[in-house]
Amino acid sequence: ASMLRKRDKFGVMVDTTNWREAQRRARSIQLGPQGECVNNEWEVDHTLLDILVIDEETMQIAGRPWLTAIIDRYSRCIVGFSISFAPPSWASVMDALRVAVMPKDWVYEGFKILGNGQSGIENPWNCHGKPDRLIMDHGRDFKSLSMEETLTALGIEPDHAKPKKPWLKGKIERWFGTLEEQIVHMMPGTVFSKWESRKFYNSEKMAVLTIDEVNWIVAKWVIDIYHQDQHAKIGRSPAQAWEEGLKETVPHREI
């Protein structure tokens, strides 16, 4: 509980000082790394989404899909994600990373198939590039030889967060919670995390969305809502933090 209270102080520190000073103070109280600039540090992780989806052809329950997502620590932007039925593996990380490093024009083109020639997304998704470090946990999917070779080829330093220190990878974990609360638990076919919520809700009967439709809904929410709304911890929207962060330079640090 005390650590949670310390993390909540970051937004106050930004308001009363500035971003750089807030970051310096945050490190001293283990608030959790904030990232020094855009594309400095990304966090990646998986979560099993709280929703049942149907097969597009058979219209039968296909199961709950997995989401692999990557967040930029500095801006809080989601730089890439992947949704599939495959359990977490280095392949799902690579799929999300492929979305993250590339310009997103092809993503919009893919969504046009679902929207009669329109992607249905109003804002740009300008996040792309590669991080200096990719922060992961110690799961086997993050320690495979294929994963290591790919990161080496891209010039990305793997950084495995220390066990029992969740604040070292807290940005992506908190974002998963925000996603579930604001959008997934509002979808038909949701599987509520709390028993009291799902007691009178038949998830299987209400399931009507395909995995492609869930993918579009998540993308729409990320780009048009989450990225555009002011983030309480950084005092600006993730999209604004990304654009402003691209213009900022990291001051020289004395050794």
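The values are calculated or read from the model by the stated rules, or taken from the named source; none is laboratory data. All values derive from a computational prediction rather than experimental measurement. Using ideal geometry, Cβ is built from the backbone for each residue, glycine included, and neighbour counts are taken over all protein chains shown. Surface accessibility is based on the protein's heavy atoms, side chains included, excluding ligands, DNA and RNA. Shrake-Rupley method; radii C 1.70, N 1.55, O 1.52, S 1.80 Å.
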Check: Once you list every other residue whose beta carbon is under 13 Å from the beta carbon of K143, what net charge do they have if Lys and Arg are +1 and Asp and Glu are -1?
Finding: -4
Note to self: Taking 30 Å as the cut-off for C-alpha to C-alpha distance, list the pairs among K112/K247; K171/K247; K130/K220; K104/K233 that go past it.
What the structure shows: K112/K247
Next item on the list: Starting from the Cα-Cα distance between E157 and E248, subtract it from 0.36 nm times their residue separation and give me the gain in nm to one decimal.
Entry: 30.5 nm
Checklist line | Efficiency of FRET from Cβ geometry, M94 and D132, R₀ 22 Å, rounded to 0.05 | finding: 0.75
Next item on the list: Would you mind calculating the gained length between D105 and Q230 on full extension (0.36 nm times residue separation, minus the Cα-Cα distance), in nm to one decimal?
Entry: 42.5 nm
Next item on the list: For region 49-120, report the convex hull volume of the alpha-carbon atoms normalised per residue, in Å³, without decimals.
Entry: 125 Å³
Notebook entry, point to check: By what distance, in whole Å, do the Cα atoms of region 62-191 stretch along each of the three principal axes, largest value first?
Noted result: 44, 33, 30
Notebook entry, point to check: Among residues other than I183 whose Cβ falls under 12 Å from its Cβ, what is the net charge (Lys/Arg +1, Asp/Glu -1)?
Noted result: -3
Next item on the list: Quick one: order I61, I51 from most to least accessible surface, probe 1.4 Å.
Entry: I61, I51
Notebook entry, point to check: For M102, what accessible area in Å² do you get when you roll a 1.4 Å probe over the heavy atoms of the protein chains, rounding to the nearest 10?
Noted result: 70 Å²
